[in-house]
């Protein structure tokens, strides 16, 4: 888990910005899993934290998406078998304060016995000053139906405590 924390110790930006940096040598040396890699161009950083994706190159390929906000690490998504369909997209369809972050993946569904397309989406919650994962938002982007607004009440926002500054 130490390597994931180091992955998110990146420089912060005011608005989400793609970051593509290799893992530091000190982190690579500490890894017990040599087959864990950040998704190329799969990390977004801003002043409040980071949303990033990693790939586990194993006999069964799997992937994970993490958030690191105000000192708290959260696993927002994990699945195997799984593969990313490219780098995340910053979407402005909802015209929010900051763009939504959308990852497109292929995941295995045992009940179908096949790989299917799936999205993982994050929206910015200004009150919490954090990006929150929402299945409703992911479905909204996947369905393409823009006539109805997504219901963001399912948003999962995991953030650390604000510093008091004193």
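Descriptive notes on the structure:
- Residues in the range 105-138 that are free of Cβ contacts under 8 Å to residues at least 12 places away in the same chain and either within 17 Å of the chain's Cα centre (by Cα) or within 21 Å of residue 152 (Cα to Cα) (or both): 1 in all.
- The condition of being on the phi < 0 side of the Ramachandran plot and surrounded by fewer than 17 Cβ atoms within 10 Å (Cβ to Cβ) holds for only one of 53, 64, 59, that being 59.
- Among the residues of the range 138-166, those that are over 18 Å from residue 75 (Cα atoms) and modelled with pLDDT of 90 or more comprise 139, 140, 141, 142, 143, 150, 151, 152, 153.
- Residues of the range 108-119 satisfying the condition of being in a strand (DSSP E or B) and surrounded by fewer than 18 Cβ atoms within 10 Å (Cβ to Cβ): 108, 109, 114, 115, 116, 117
- For the range 139-164, residues that are without any contact (Cβ under 8 Å) to a residue 12 or more places away in the chain, assigned to a loop (DSSP other than H, G, I, E, B) and farther than 23 Å from residue 50 by Cα total 4.
The values are calculated or read from the model by the stated rules, or taken from the named source; none is laboratory data. What you see is a predicted model; the values in this text were computed from it and never measured. No Cβ is skipped: glycine too gets one built from the backbone with ideal geometry, and neighbour counts run over all protein chains shown.
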